[in-house]
Structures are given as C-alpha cells and as structure tokens.
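One structure is given here, and the rest of the page talks about it.
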Amino acid sequence: MLPASVRRPAYDRSKQAAGIVHIGIGAFHRAHQAVYTDEAMGAGDRDWGIIGVSLRSGDVAAQLGPQDGLYTMSARSADGSDLRLIGAVQRVLVAADTPQAVIDAIAAPTTHIVSFTVTEKGYLRRPNGSLDLAAAAGRASLYRFVAAGLAARKAAGLGGLTLLSCDNLAGNGGVLRRLLREYLAAHHLGLSEWFDATCTCPATMVDRIVPKTTDADRAAFEAELGVSDEGAVVTEAFSQWVIEDDFAGPRPCWEKVGAQVVAGVTPYETAKLRMLNGAHSALAYIGLGRGHEFVHQAIADPVIRPVIERLMRDEAAPTIDAAPGQDLSAYADALLARFANPALNHRLVQIAMDGSQKIPQRWLETLAWHQRRERTCPALAEAIDAWIAFLRSGAPIDDPLAERLRVAAAEPDAIRALFAPGGLLPSGWIP
C-alpha cells in the first residue's frame, strides 16, 4: 500500500483502451510524454493508454511487467520531491522477442499515434543525413516495424497514423518523414503514396531533465514508499512539450494539462537544441575534463560557468528567431538554475554519449551562423577542444562512430579531420 502522499491516476485504468504505441520507452518518456498522457486521461480523455516498445533491451519490460505497467515518478528540487504514480503505460513489448506483437499494436484499430524517443542515433542516419538503408533493414530498426504496421493498416482499410518524434533533432518531424519515405522507397514502394496521403509527422520540442535511475534512487524510493519499484524515474519539476498542430486523427487533449499545441515549433526547438542541449554537451566535456561527475558540480565551477553563460547568451541566443513572448534571456536564467539543481545527480558521462549524433545540431549550426557574419564563438571553440580531449583521453567512447572518432581525434589537425569538407562530420561550419 502506497503512502497517501503519493498521487495516483485519476481514472480507471481497466476501462482505457490503448491509443498510443511508443517506441523507445526509456526513462525520459516515462517522465515526460507518459505523464502528460496520464494527466490528460485524468482530466477526462479516454482510451489513450500507451503500449511501450523497446527495440532491443528487455530491461524496461522486466521492470514494468510485474508492476502492471505502473511506476512512480519523483520530481525533485532543493525544496523536496513530489511523488506520483503513473498509470498511462499498459504494457511493454520487446521488439526483438515479439516482433509481430509490435506490428499488431501499430496496426490495431484503436491506435492513432506512434511516438518515438529512440535518441538521435536511433534514426540511423549517415553523416550526410540520409538513411543508412542497411542498418534500417536490421531487426532493431524502427522503420521495419512502422512500415510493417502501416502496411497492415492499409491492407485492413484503416486510416493512417500520427508519427510523433520526441527526439532532439532539428525539424524532427520532417526528418522522420524523409527517412521513413527513403525506407518505404526501398522496401515498401507501393506504400509511399498511402503514407503521404494519410499519415502526418508533426514537429515537437520536449524539455525535461531526466537522469538515469540508479540503484541508490531505487533504494530511496523503497524506503519512502515501503515497496520496491524497479521502474521508478527521477526528474526535475520543470517540464515543457511543444507540438506542431498537424495530427492525422484523434489525439489526447495534452494542451489542457500543460503542453503547447502550436502552428510552428521551430523557435522553441532551436532554442532548446542550441541553448539547453548545446550547453549540456559543453558542460559534459568541459566538466569531465575538470574532474566533475555531475551537472550541478560542473555549473558551480567558477571556471566553467562563465563559458556556459557566454555559449547560451552571446553565441546561441542571437541565432534564434524568437517567437512572440519567447524571452531568451529569461530562458538562459532558468536553464542555469535548472543545471544547478542539487537534487538531481545528472551524470556528465550520460550527456557525453553519442557526441557524433548530437554535436551537429547543438554546436555546428550556431558556429555556421556566426561564421557567415565573420564572427567567432570562443565558448563553443572551448567546448570542441574539450570534446577532442575527451576522445583522446582513453575513456570509453559510447558512440556509433566510436572508432572513427578515435582515429579522427588522433590527427594533428583533429578539428579539420572531424568537421572540414570530407571530414567525419561535415557541416555548414568550415573550420
């Protein structure tokens, strides 16, 4: 029996059908989109339960399966924590083990939305941005399952779906549409026209800091709750979700519970990628180089904080065409306060993962913008130097291009080996 202080779902879970299939059901989804959906059903929406899909790992299924999909979320700040029981997730499928069950879930008449948090590398892009067709044909590819599910829907005479990317990619909806069309052209050519006519891929911006849950976190949950919760997630109080109003069919009323459904996501997305994510990556590499373990330690370092402030305020913010009412200076203030949250042990090494997939949209577009105006970016230059030092340090590199990064970083002119035309990560910025 949970303590009375833990908020519970305000709806009857047994009477909710599943309307969403979510691919990539890690901690971030469980602390973000699943929470908005839980609140929407609590506000009266019906039939928006979530079927989670893990493409490879069975960890989340093993955590949530014995708990009937239930888990607790702790939103922590210096003032304390707010505990909630989240009921939106009905079950978790492991695609590698039960591929047909995943396809059937996507093809179900009750499903209207397939959403994604597969991280940048899950989109299987080549350095030039095109789809890696060989990788996309693999067993753990989102494209295989989505295409097969869409084909089954078309054959059954059902409508299309809203495909909702919630990953940190510039123009994530457009990227998903383009890459999925490349896959369909190679493997399901007859499906392309139906896909274009019936499916949409709205752009989104998602923002919430969600560290990896540790064994110490689970022990703290158990001490507070009196029961074990293997699926518990830890996060901050802040949460933001901006969604382009481009849906193929029904959707939850997320805007009633705090999400923003807007005509254009770009200003919010660009600010998040270049200011929050760009600063996070800089904190990771500079902070690790100075011996720190957590974000709140790095931002408290008097050598690092001025670099991060300059990156956000002087280098990233001027490149953003802000939406009406979007105050970028206040946004920078809020980010600095969020980074300093002592209640979140957000590991720098977690942020440092997959640098090759993150850095182009987090740093290089800002550098290119200033270069076109014959300006330099000292803070981003320091961040790049720190990334190269990290690659050269001998520390494990968790990145799909790990070996190629190691080779490029070992070059005498590593910056050109990484970023110049013909380098590993060519971009609009020319070093």
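Read-outs throughout are calculated quantities, based only on the coordinates presented, and are distinct from any laboratory measurement. What you see is a predicted model; the values in this text were computed from it and never measured. Heads up, the Cβs are rebuilt from the backbone with ideal geometry, glycines too, and the neighbour counts pull from every protein chain shown.
Points to keep in mind about this one:
- Residue range of the chain that is longest and free of chymotrypsin sites (Phe, Trp or Tyr not before Pro) which are both DSSP loop and sparsely packed (at most 16 other C-beta within 10 Å): 1-237
- The slack in the chain from Ala340 to Ala17, taken as 0.36 nm per residue of separation less the alpha-carbon distance, amounts to 112.2 nm.
- Loop-located GluC sites (Glu not before Pro) in segment 337-431, at most 10 other Cβ atoms within 10 Å (DSSP): Glu374
- Spacing of the two label points (7 Å from each Cα toward its C-beta) at Ala402 and Arg126, in nm: 2.4 nm
- Selected from His370, His280, His32 as most flexible by GNM, with the chain as the system and alpha-carbon contacts under 10 Å: His370
- Stretching Glu193 away from Ala395 to a fully extended chain increases their span by 68.0 nm, per 0.36 nm per residue minus the current alpha-carbon distance.
- With contacts taken as Cα pairs under 8 Å at a separation of at least 6 residues, segment 266-419 carries a relative contact order of 31 percent.
- Spacing of the modelled spin labels on Ala323 and Asp385, each 7 Å from Cα toward Cβ, amounts to 3.7 nm.
- Cα gyration tensor category, rounded, prolate or oblate, for segment 13-262 with a/c compared to 1.5: prolate
- Summed side-chain charge close to Ser81 - residues other than Ser81 whose Cβ falls under 13 Å, Lys, Arg +1, Asp, Glu -1: -2
- Gaussian network model of the chain, springs between alpha carbon atoms under 10 Å - residue of Thr111, Thr98, Thr198 with greatest fluctuation: Thr98
- Considering only beta bridges that DSSP places wholly inside the chain, some 30 percent are antiparallel.
- Linear extension gain, Leu158 paired with Asp314, 0.36 nm per residue minus alpha-carbon span: 51.1 nm
- Legend: residue pairs Lys15/Lys358; Lys154/Lys212; Lys154/Lys272; Lys15/Lys256; Lys15/Lys121, Cα-Cα distance threshold 31 Å; pairs beyond threshold, Lys15/Lys358; Lys154/Lys212; Lys154/Lys272; Lys15/Lys121.
- Computed from point charges on the beta carbon alone (+1 for Lys and Arg, -1 for Asp and Glu), the dipole magnitude for segment 13-262 about its Cα centre is near 760 Debye.
- Ordering Ile388, Ile23 by the number of other Cβ atoms within 10 Å of each residue's own Cβ, fewest first, gives Ile388, Ile23.
- Here the relative contact order of the chain, from alpha carbon pairs under 8 Å that lie six or more residues apart, stands at 14 percent.
- Global geometry of the chain, whether rounded, prolate or oblate, following the gyration tensor of its Cα atoms and the 1.5 cut on a/c: oblate
- Arranged from fewest to most other beta-carbon atoms within 10 Å of their beta carbon, Leu328, Leu364, Leu142 become Leu328, Leu364, Leu142.
- Shape call, segment 314-418: gyration tensor on alpha carbons, a/c limit 1.5: oblate
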